[in-house]
Amino acid sequence: MKWVDAAGVSLRCDTRGAGRDTVVFVHEAGGSLDSWDEVVQRLPAAWPAVRYDQRGFGQSEKTGELTLEGMVRDLVGLLDALDVDGPCHLVGTAIGGSIALACAAAHPDRVASVVASSPVTGPLPGAALASLAQRATLVESQGMRAVADTSLQRSYPPELRTDRQRFEQYRNRYLANDPRSFAALTRAFGTVDLTGLHGRIRCPALIVGCTRDGLKPARECAELAARIAGGRFVEVDSGHFVAVQTPELFAPLLREFIEECHEQP
């Protein structure tokens, strides 16, 4: 593990080689680079890989304000700092998937492919925006425990908690989040809108929907994939955090998709 200055923000990252075809992992809200542990260990050891804690999370620099555009800048700044000049493969879960897709639209020459599971797409209706604002305020005033179990009931359903150690470790890590940064990201959800980006994504994109996802219906993921020229949809029997909850299902999909991308001229 190391920290890098990524265009003005200190980000903790883990690297395994770097260069062309690097696989870059972008974690979910409330996650960290540790969210990818069980996925990375199932991928070929020869693949160069980068994982990082997003601004505000894990052991990266904390913040009080976040936007999708800013999170994309952080990702590009990290790639620059690590001399990953692309094209790379971006893999993201939930808001991490949104960041990966937005980066592919803004920097097409640097992205070889995207794998995005349950991405936040927007725009959100007024009632959802009000709920996010209320949740952010609650976290700021009472901390992560005030929202953790209610949130995990939908994102990490009981039927996926059969591996109790995996679930307990995730819940404990979730509780350790910085409330101010988590609230900032919660508010940022309301500003995410990928509607105008579909036509600018030139690379192959695998959109993963999850049958047991209580936050992002799989049908919405299928609709997103259909709007992207190189889009493909697959549904997995998992929940909102597929990389954490069922890495044994997610890793083979990821590996097959990237290997197919390598075979394309």
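The values are calculated or read from the model by the stated rules, or taken from the named source; none is laboratory data. Only a predicted model underlies this, so the values are computations on that prediction, with no experimental measurement involved. No Cβ is skipped: glycine too gets one built from the backbone with ideal geometry, and neighbour counts run over all protein chains shown.
Structural remarks
- Residue in the stretch 126-142 that is at pLDDT 95 or above, within 24 Å of residue 210 (Cα to Cα) and in contact with a Phe, Trp or Tyr (Cβ under 6 Å, 6 or more places away or on another chain) present: yes
- The set of residues in the stretch 141-179 being among the aliphatic types (A, V, I, L, M) and either free of Cβ contacts under 8 Å to residues at least 40 places away in the same chain or closer than 19 Å to residue 60 by Cα (or both) consists of 144, 146, 147, 148, 152, 175, 176.
- Checklist (1) at positive phi; (2) surrounded by fewer than 24 Cβ atoms within 10 Å (Cβ to Cβ); (3) hydroxyl-bearing (Ser, Thr, Tyr) applied to residue 67, failing item: (1)
- When the stretch 205-229 is filtered for residues that are of a type outside the set (A, V, I, L, M, F, W, C), under 30 Å from residue 146 (Cα atoms) and not in a strand (DSSP E or B), the ones remaining, listed by number, are 211, 212, 213, 214, 216, 217, 220.
- Odd one out for residue 20, checked against (1) over 20 Å from residue 175 (Cα atoms); (2) without any contact (Cβ under 8 Å) to a residue 60 or more places away in the chain: (2)
- In the stretch 217-232, the residues that are in contact (Cβ under 8 Å) with a residue 12 or more places away in the chain and closer than 13 Å to residue 97 by Cβ reach residues that are of a type outside the set (S, T, N, Q) and exposed (fewer than 15 other Cβ atoms within 10 Å of the Cβ) with C-beta atoms within less than 9 angstrom, at least six apart or across chains, in these pairs: 228/199.
- Selected residue (only one of 202, 232, 166 is assigned to a strand (DSSP E or B), over 17 Å from the mean Cα position of the chain (by Cα) and among the basic types (Lys, Arg)): 232
- A single entry from 202, 219 fulfils the requirement of being more than 19 Å from residue 261 (Cβ to Cβ), surrounded by fewer than 15 Cβ atoms within 10 Å (Cβ to Cβ) and not hydrophobic (A, V, I, L, M, F, W, C): 219.
- Restricting the stretch 152-196 to residues that are β-branched (Val, Ile, Thr), modelled with pLDDT of 95 or more and out of contact with any Lys or Arg (no Cβ under 9 Å at 6 or more places or on another chain), the residue that is surrounded by the most Cβ atoms within 10 Å (Cβ to Cβ): 192
- Of all positions in the stretch 28-36, none carries a residue that is at pLDDT below 95 and not basic (Lys, Arg).
For every residue, the table says whether it meets (1) without any contact (Cβ under 8 Å) to a residue 12 or more places away in the chain; (2) farther than 20 Å from residue 196 by Cα; (3) not hydroxyl-bearing (Ser, Thr, Tyr).
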{"position": "83", "(1), (2), (3)": "no, yes, yes"}
{"position": "89", "(1), (2), (3)": "no, yes, yes"}
{"position": "98", "(1), (2), (3)": "no, no, no"}
{"position": "108", "(1), (2), (3)": "no, no, yes"}
{"position": "118", "(1), (2), (3)": "no, no, no"}
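- Whichever residue in the stretch 41-60 is under 22 Å from residue 16 (Cα atoms) and touching a Lys or Arg at 6+ places or on another chain (Cβ under 7 Å) and, among such residues, is surrounded by the fewest Cβ atoms within 10 Å (Cβ to Cβ): 59
- Number of positions in the stretch 18-37 that are more than 19 Å from residue 263 (Cα to Cα) and surrounded by fewer than 18 Cβ atoms within 10 Å (Cβ to Cβ): 3
- Among the candidates 64, 31, residue that is in a loop (DSSP other than H, G, I, E, B) and out of contact with any strand residue (DSSP E or B) (no Cβ under 9 Å at 6 or more places or on another chain): 64
- Scan of the stretch 235-261 for residues that are touching a Lys or Arg at 6+ places or on another chain (Cβ under 8 Å) and part of a loop (DSSP other than H, G, I, E, B), ordered by number: 237, 238, 239, 240
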